[in-house]
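Inspection log for the structure reproduced underneath, given as C-alpha cells.
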Amino acid sequence: MYVKTLRLEHFRCYEQLSLELGPGLHIMVGPNASGKTTVLEAIGVLALTKSHRCSQDRELVRFKAEWTRAAAEFGRADGRGIGLRVTVRESVRADSGSSRKTFEVNGVPRRRVTEVVGQVPVVMFGPEDLGLVKGPPSGRRRFLNEAISQVRPGYLADLMRYRRGLRQRNECLKRVRKEGSCRELVDAWDGALVESGAAVAGAREEFVRAMAPHSDRAHHRLSNGRERLVIAYKGDLAGMADMAIRRDRLRELLRSGIERDIALGRTAMGPHRDELDILVAERSLRTYGSQGQQRTAALSLVLAQAAVMSQWRDEPPIILLDDCLSELDADRARAMLELSRNAEQMIVTTAAWEPVLDEFAVGARVYDVGDGTVVPRETDS
C-alpha cells in the first residue's frame, strides 16, 4: 500500500498542497514547525480518522479558515486503488469549540469510522512513541487499539461498544452511590460490557502473542545479542481459552465487584484496565529499565507491529517516521529505516539530514519543506 497523491486544503499551515508520491522511500527535510509533521498527520487522519497530535478536530483547520480537507489516492502492488477524503468544518457558533467531520471512501460518504479504519494500513512512529514503554498503560492500550483496528474487522466496533457501555455503567454507578436508585440499570449494562469486552480482550491477547517473537528478535539484534525481550498481554481476562470462558469470567467479575464499584463510582475491572507487560530478564522495563533499554523496546514493538500487520493483511503498511531519527543512535535509526526495504512506501521527516540516511537514499525521493510548500529536491541522477 502506498500514497499516490495527497491534496490538502486549509489544513494546518497549508493553504493548498498537492503532492505526487508513489512507492519507495520519501525523505522530507525542513526545520521544526515547517509543516513536515502535518503531511504525515494528514495521512494518519485519512487512515485512522483522527489526529495523533490533537484531540480537537477544529485544530486541523488553518487559522481564519472555516473548513479543511485532506484527500488521497492510495495504490497497491496489484493495481487496485482506493480514495479517501476527510472534511472538517468549524461549528457555525464561533464560541462552541466544536466541529463536524465527514468521510468519503471512493467518493461515497461514510457515516461510521468503522467503515474507514482499516481501508489503508499505516504504522506511525515519532519522538513521543519513545515513551511507549515508560509511559502510562493507556498509551500501550492505544498502541494496540490502533494496530488491531486496521487488521481485524469488527475490533473497532467492539471497542466502541465497550467504551459506550462502560461510560453508561459508570454513570449508573454514580447515581446508585448518590441517590440509591438505578441499581437495575447497572445490571442491564453488564450484558453489553460482557459481549464487547470479551471480544476486545481476545483480540488484544492474540495480537500480542503474534508480536512477541518479532519484538524479541528485534530487541535481541538491537541490543547486540545481550538481551531477550518478553511481552505479554496482562488483563483480567488474560489466559482465557475461548470467548465463552472470557464472557463468563467478565460477567462474574462485574457481579462480584458491584458493591466496590458503587463505592468507587466506576467499574474497577475489565479490558479498560488492560496492560502490556514488557520485560527483560524477568524485570519490568517500565520500572527498572534504563532509558536506552526503554527506547530499544519501544522501537522493537513498532517493528513487531509492522511485521504482524503485514502478515495479517498480506500487504505491508505505509510506514510514517516523524522526526525520530535524531532521537535514535545509528543502530536504532538503521533498524527503523530497514523497514523501507520491505515496505511499499516509507515517508520520513527530519529537521536535518542524518548520516544514516545516506545508506538508504539511493533511489529515494527527497523534499524540502518550508513556508507552506513541499518542493522535490533535484537529484544528480
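Checking residue 294 against (1) in contact (Cβ under 8 Å) with a residue 40 or more places away in the chain; (2) within 27 Å of residue 46 (Cα to Cα); (3) among the polar types (S, T, N, Q); (4) surrounded by fewer than 22 Cβ atoms within 10 Å (Cβ to Cβ), only one condition comes out false. Which one?
(2)
Please determine, by comparing only the residues of segment 348-373 that are in a loop (DSSP other than H, G, I, E, B) and among the aromatic types (Phe, Trp, Tyr), which one is farthest from residue 35 (Cα to Cα).
As a first pass, look at segment 348-373 and keep what is in a loop (DSSP other than H, G, I, E, B): 351-354, 360-364, 371-372.
So of that shortlist, the ones also among the aromatic types (Phe, Trp, Tyr) come out as 353, 360.
Details: 353: 16, 360: 23 Å.
Ranking the candidates gives 360 first.
Within segment 322-367, which residues are acidic (Asp, Glu), touching a residue at least 24 places away in the same chain (Cβ under 8 Å) and surrounded by fewer than 16 Cβ atoms within 10 Å (Cβ to Cβ)? Working first, answer last.
Quick first cut of segment 322-367, residues acidic (Asp, Glu) only: 322-323, 327, 329, 331, 338, 344, 354, 358-359.
So of that shortlist, the ones also touching a residue at least 24 places away in the same chain (Cβ under 8 Å) come out as 322-323, 327, 331, 344, 354, 359.
Listed by number, the residues that qualify are 327, 331, 359.
crowded, with 16+ Cβ neighbours inside 10 Å and free of Cβ contacts under 8 Å to residues at least 60 places away in the same chain: does that describe residue 217? Can you show your working first?
Numbers: crowded, with 16+ Cβ neighbours inside 10 Å: yes; free of Cβ contacts under 8 Å to residues at least 60 places away in the same chain: yes.
In short, yes.
When you scan segment 245-298, how many residues do you find that are of a type in the set (Lys, Arg) and under 13 Å from residue 229 (Cα atoms)?
First, the residues of segment 245-298 that are of a type in the set (Lys, Arg): 246-247, 249, 251, 255, 260, 266, 273, 283, 286, 295.
Imposing the further condition that a residue be under 13 Å from residue 229 (Cα atoms) reduces the set to 283, 286, 295.
Selection size over segment 245-298: 3.
Report every pair of residues separated by at least 6 positions or lying on different chains whose Cβ atoms are under 6 Å apart, first residue within segment 11-28 and on the phi > 0 side of the Ramachandran plot, second surrounded by 15 or more Cβ atoms within 10 Å (Cβ to Cβ).
From residues that are on the phi > 0 side of the Ramachandran plot, the pairs are 12/38.
With the condition kept exactly as written, say whether any residue in segment 173-187 is more than 17 Å from residue 260 (Cα to Cα) and surrounded by fewer than 18 Cβ atoms within 10 Å (Cβ to Cβ).
No: segment 173-187 contains no residue that is more than 17 Å from residue 260 (Cα to Cα) and surrounded by fewer than 18 Cβ atoms within 10 Å (Cβ to Cβ).
Any idea which of 246, 177, 251 is closer than 28 Å to residue 133 by Cα and assigned by TED's automatic domain parsing to the domain that holds residue 166? Spell out the reasoning first.
Working: 177 fails: closer than 28 Å to residue 133 by Cα; 251 fails: closer than 28 Å to residue 133 by Cα.
The match here is 246.
Does at least one position in segment 68-85 carry a residue that is more than 23 Å from residue 22 (Cα to Cα) and crowded, with 16+ Cβ neighbours inside 10 Å? Break it down into steps so the answer makes sense when it comes.
Going residue by residue through segment 68-85, those that are more than 23 Å from residue 22 (Cα to Cα) are 68.
Those left that are additionally crowded, with 16+ Cβ neighbours inside 10 Å: 68.
Scanning segment 68-85, I find at least one residue that is more than 23 Å from residue 22 (Cα to Cα) and crowded, with 16+ Cβ neighbours inside 10 Å, so the answer is yes.
Residue-by-condition table, conditions (1) in a helix (DSSP H, G or I); (2) free of Cβ contacts under 8 Å to residues at least 24 places away in the same chain; (3) buried (at least 22 other Cβ atoms within 10 Å of the Cβ):
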residue: 109; (1), (2), (3): no, yes, no
residue: 114; (1), (2), (3): yes, no, no
residue: 134; (1), (2), (3): no, no, no
residue: 139; (1), (2), (3): yes, yes, no
residue: 142; (1), (2), (3): yes, yes, no
residue: 147; (1), (2), (3): yes, no, yes
residue: 150; (1), (2), (3): yes, no, yes
residue: 165; (1), (2), (3): yes, no, yes
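Among the numbered conditions (1) at pLDDT 95 or above; (2) buried (at least 20 other Cβ atoms within 10 Å of the Cβ), tell me where residue 303 comes up short.
Against the list (1) at pLDDT 95 or above; (2) buried (at least 20 other Cβ atoms within 10 Å of the Cβ), residue 303 comes up short only on (1).
Conditions (1) in a helix (DSSP H, G or I); (2) of a type in the set (D, E, K, R), marked per residue:
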position	(1), (2)
238	no, no
247	yes, yes
251	yes, yes
255	yes, yes
259	yes, yes
262	yes, no
266	no, yes
269	no, no
272	yes, no
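Just the residues that are among the basic types (Lys, Arg) and in contact with a helix residue (DSSP H, G or I) (Cβ under 6 Å, 6 or more places away or on another chain), please, taken from segment 329-374. Spell out how you get there, then give the answer.
Kept after step one, since they are among the basic types (Lys, Arg), are these residues of segment 329-374: 332, 334, 341, 365.
Hits for segment 329-374 are 332, 334.
The values are calculated or read from the model by the stated rules, or taken from the named source; none is laboratory data. Because the structure is predicted, anything quoted here is derived from the model rather than measured. Using ideal geometry, Cβ is built from the backbone for each residue, glycine included, and neighbour counts are taken over all protein chains shown.
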